[in-house]
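See below for the structure under consideration.
The values are calculated or read from the model by the stated rules, or taken from the named source; none is laboratory data. In this text, all values refer to a predicted model and were calculated from it rather than measured experimentally. Neighbour counts run over all protein chains shown; Cβ positions are idealised from the backbone, glycine included. Quick note on the areas: whole protein, heavy atoms, side chains included, nothing else; ligands and nucleic acids left out. Shrake-Rupley method; radii C 1.70, N 1.55, O 1.52, S 1.80 Å.
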Amino acid sequence: MDPDLAQRQALEAERLSASQPNRARQLATAARRAAIEGGDRLGLALAERVLGLAARELNDLPAARRHLRRSITIAEGAGLGVEAAESRVRLADVVSLGGSTTAALEQLHVVGDTATGVARVRSRVHQALLLQRTGQTEEALARYRLAIPALRRLGLALDEAQALSNRAVLHTYRGDYAAAEADLHRAEALAPAAGEGFAAAKVHQNLGFVAACRGNVPLALSWFDQAQLEYAALGLSEASVLSDRAETLLSVGLATEGLAAATKAVTALEQQGSPALDLAEARLMQARAFLLTGEAREAAKTARKARSAFQRQGRSGWSTLADYVIARAGLSR
């Protein structure tokens, strides 16, 4: 038996995990089998990590947590500190998506400054994303400024593209549309180097988000159409695009159409057992749509669900937005 087969299969699977999670899961399962047969603990730790990454992309957060924790246990037991740190950084992301920001930060704290190289840089990227999700804008930007050039120096094109796409969203919320578009076009230009693991759909969705915030609704909807087709081709959920589409439609007074898109997004997220962060935001969007269509009771009910989730997640800014919808609903009755 090829002694390095499991490791090669796992690394190939990891490369595909973001854009082709089903294929990545198949490869990682084969890698895990080969690692067990060959007594390859590094290959086994890698395979379990990729199974976790694929599960995360497929919105199966319990499975993602389970596989990533196995990867950490195997790596630590084999004295593979770098691999354990890598898996712990990925676990922090999954825990955060589940709505527990504090627990996610604790995972990154364990990684701390003892990690080196790729693991350390990825830890900084995930710290930036966690800060971004909790509304700590300036702190997030500061970490992105350190992490993105480091990703470039290390030649981690896929990681850099993903970080640029996330930072573009942050720039958009701050009203710096030129910076957002620059990040997204840079991310798109990295596609050849990022390889098959690059998901252009996310970049195109975010270009639609920027266009919507600029007030160019036709361009935004065109980008969303393209992104939905790309997500469908990859077999990935289009729920996040539907949420952005709903927000864009509501912004120009198309309440009925916006409610339809928001409801479709919430339903898809609920059925998929999707990340708590995404579901809470989609519910708030749906509550806003209910408010605009004159359904005040449903607006208040849905906004309360969103508010409860935001409070559990420590997202006070989002919770305040939900409070506003609840108050408006009360005045509309």
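Table for the structure above
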| read-out | value |
| --- | --- |
| Count of the range 135-168 residues which are touching a Gly at 6+ places or on another chain (Cβ under 6 Å) and either surrounded by fewer than 19 Cβ atoms within 10 Å (Cβ to Cβ) or not in a helix (DSSP H, G or I) (or both) | 1 |
| One residue from Q271, Q311 being under 21 Å from the mean Cα position of the chain (by Cα), under 20 Å from R133 (Cα atoms) and free of Cβ contacts under 8 Å to residues at least 24 places away in the same chain | Q311 |
| Single condition G38 does not satisfy, out of (1) open to solvent by less than 60 Å² (accessible area, probe 1.4 Å); (2) within 15 Å of R90 (Cα to Cα) | (2) |
| Cβ-Cβ under 6 Å pairs, at least 6 apart or on other chains, the range 82-97 side farther than 27 Å from L269 by Cβ, far side among the charged types (D, E, K, R) | A84/E76 |
| In the range 12-28, the residues that are surrounded by fewer than 16 Cβ atoms within 10 Å (Cβ to Cβ) and in contact with a helix residue (DSSP H, G or I) (Cβ under 7 Å, 6 or more places away or on another chain) | none |
| Flag for L108 being in a helix (DSSP H, G or I) and either open to solvent by 20 Å² or more (accessible area, probe 1.4 Å) or closer than 19 Å to I72 by Cβ (or both) | yes |
| Check on D183, closer than 21 Å to L11 by Cβ, assigned to a helix (DSSP H, G or I) and either open to solvent by less than 10 Å² (accessible area, probe 1.4 Å) or acidic (D, E) (or both) | no |
| Condition met for A34 (in a helix (DSSP H, G or I) and in contact (Cβ under 8 Å) with a residue 40 or more places away in the chain) | no |
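Let's see how each residue does on (1) open to solvent by 10 Å² or more (accessible area, probe 1.4 Å); (2) among the aromatic types (F, W, Y); (3) within 17 Å of A30 (Cα to Cα); (4) outside any helix (DSSP H, G or I):
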{"residue": "L42", "(1), (2), (3), (4)": "yes, no, yes, no"}
{"residue": "A47", "(1), (2), (3), (4)": "no, no, yes, no"}
{"residue": "G52", "(1), (2), (3), (4)": "no, no, yes, no"}
{"residue": "P62", "(1), (2), (3), (4)": "yes, no, no, no"}
{"residue": "I74", "(1), (2), (3), (4)": "yes, no, no, no"}
{"residue": "E86", "(1), (2), (3), (4)": "yes, no, no, no"}
